[in-house]
Amino acid sequence: MKHLIRLVFLLLFFQQVAQASERLKVAVAGLNHDHVFLLLNLYKDKKVDIIGIAEPNQTLSNKIRTQYNLPDAIFYHDLPSLLKHIKPDAVLAYNPTNEHIDVAETCLPLKIPVMVEKPLATTLSDAKRIAFLSKQFETPFLVNYETTWYKSNQQLKQLVDKDEIGKITRILVKDGHEGPKEIGCSNYFLDWLTDPKKNGGGAIMDFGCYGANLMTWLKNGERPISVTAFTQQLKPEVYPKVDDNATIILSYRDGSTGIIQASWAWPYSVKDLQVFGTKAQLYAKNDKELLKYKQQNDPPSNVPTTVPYFETHIAYLEQVLKDARVPENDLGSIHNNVTVVEILEAAKRSAKEGKSILLK
């Protein structure tokens, strides 16, 4: 009996060792983006290994170290220092958007794959530079959006590709919440999220990127021919430096239109997607619920969201590294996200100049 118990114990031990060796080993660039807690919780659940963290703010490092019981030895002041001692499978960046270019310049020449939080960059020149480095060093640089992992969106895309709704005529995207301060974002996050240089803008960047990302995906990488945008400061006493409300209108060569409504002034959190076609409309109401409308007076039908897709950005990243290939039109691809930044830059210019911007 003792031998049997010992055998079972050894089998469990070796199973745990095997699972640990298979987990993705990542380094973290920055901790001042609150989305980092999604990664930290995956680490806590033993779904990813964090082998290095680069964060210059000692107070923030100490807070995260204590909260997640992380070893002192994995913390470094900056990313170059970290990468002199550690070779991760990938680097995940949770720092201000304008610093994504620095992560690219550091990691890509070393052929270390990178995934950053949306959007890709604050300027089109930075976005193009990142794309150039990714191609030059044949190393993935990916962008993580919460809406990528929505089963409703993935099911919607599959139905669009199967011509279930006919030709797309209009796409509507609503994204945002009551405001980053109102929902309790950390001061570390707020400090740069409301900075026009570090974030590139306010709600137009923070939530406008979702719509631009989804529309570029649904249009199979096509760029719009023009961008028209309007921005407002509905709460200037709360967000004095940046916009908190934005509307972006995209026009495409085939006559279809995309409308992005991005705001820090919704009465509730919202991330939905509506696609109108010549035969029907699809409405991804949230991450799981997808509705189909065919006739004006008929109730919508519920569409089962059964399309298989990745549950998290870590699961997707593992597959990309395993395949050594990034599908060009994926929501996180560099091709899609350079277009996203081009749209956002044109939108900011349109709002500032009060006119539509034609894309070359």
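The values are calculated or read from the model by the stated rules, or taken from the named source; none is laboratory data. Small disclaimer: the values here were computed from a predicted structure and weren't measured. FYI the Cβ positions are ideal-geometry reconstructions off the backbone, even for glycines, and counts take in every protein chain you see. Calculation scope for accessible area: heavy atoms of the full protein, side chains included, ligands and nucleic acids excluded. Shrake-Rupley method; radii C 1.70, N 1.55, O 1.52, S 1.80 Å.
Here are a few things to note about the model shown:
- Residue-by-residue Karplus 3J(HN,Hα) for the range 261-273, coefficients 6.51, -1.76, 1.60, Hz, glycine and proline x: 10, 10, 7, 9, 9, 5, x, 7, 6, 8, 8, 10, 9
- Here the range 260-292 is scanned for amide nitrogen atoms under 18 Å from the site 7 Å beyond the Cα of THR306 along Cα-to-Cβ, giving 288-292.
- Surface accessible to a 1.4 Å probe, ILE260 within the full protein complex, Å²: 0
- Taking Cα atoms only, the orientation of helix 334-353 departs from the longest principal axis of the chain by about 50 degrees.
- Between the C-alpha center of the range 181-228 and that of the range 299-360 there is a gap of 12 Å.
- Per-pair calculated FRET efficiency, R0 = 22 Å: GLU222 and SER356 via Cβ, rounded to 0.05: 0.80
- Label separation (TYR268 vs ALA315): 2.7 nm, computed from points 7 Å beyond Cα along the C-beta direction.
- DSSP-defined antiparallel bridges as percent of all bridges, the chain, nearest 5: 60
- The largest accessible area among TYR293, TYR268 belongs to the first residue in TYR268, TYR293, and the rest follow in falling order (1.4 Å probe, all chains).
- Extension gain for GLN232 to THR257 (0.36 nm times residue separation, less C-alpha to C-alpha distance): 6.8 nm.
- The residues of the chain expose, per residue, 48 Å² of accessible area to a 1.4 Å probe.
- Where labels lie 7 Å past Cα in the beta-carbon direction, separation of PHE37 and GLU105 in nm: 3.2
- Per atom type, the chain shows carbon and sulfur on 53% of its accessible surface, probed at 1.4 Å.
- Summed residue charge, Cβ within 14 Å of GLY176's Cβ, Lys/Arg positive, Asp/Glu negative: -3
- Histogrammed with a bin width of 5 Å, the alpha carbon distances of the range 80-156 distribute as 3, 16, 25, 22, 16, 10, 5, 2, 1 percent, first bin at zero.
- Cross-link pairs LYS235/LYS348; LYS181/LYS292; LYS151/LYS322; LYS63/LYS84; LYS128/LYS279; LYS47/LYS157 - those with Cα-Cα distance over 30 Å: LYS181/LYS292; LYS128/LYS279
- Linear extension gain, ASP49 paired with ARG23, 0.36 nm per residue minus alpha-carbon span: 8.7 nm
- Using the Cβ of THR194 as centre and a radius below 13 Å, the other residues enclosed give a net charge of -2, where K and R count +1 and D and E count -1.
- Reciprocal mean inverse distance between Cα atoms of the range 231-295 - Kirkwood radius, Å: 14.2
- Under Karplus coefficients 6.51, -1.76 and 1.60, residue-wise ³J(HN,Hα) of the range 143-155 in Hz, glycine/proline x: 10, 9, 10, 4, 6, 4, 9, 6, 4, 5, 5, 5, 5
- Accessible area ranking (1.4 Å probe, heavy atoms, ligands and nucleic acids excluded), largest first, for VAL238, VAL28: VAL238, VAL28.
- Kirkwood Rh, angstrom, the range 267-360 [1 / mean 1/r, Cα pairs]: 17.0
- Between the beta carbons of GLU138 and ILE86, assuming R0 = 22 Å, the FRET efficiency works out to 0.55 to the nearest 0.05.
- Exposure ranking of GLU55, GLU328, GLU222, GLU353 by accessible area [1.4 Å probe, largest first]: GLU328, GLU353, GLU222, GLU55
- Matching label, Cα extents along the principal axes in Å computed from the structure shown, candidates (i) 62, 54, 41; (ii) 71, 47, 42; (iii) 52, 47, 34: (ii)
- Under 5 Å between amide hydrogens, built in the peptide plane, is the criterion, and for GLY52 it picks out VAL28 among residues at least 5 positions away or on other chains.
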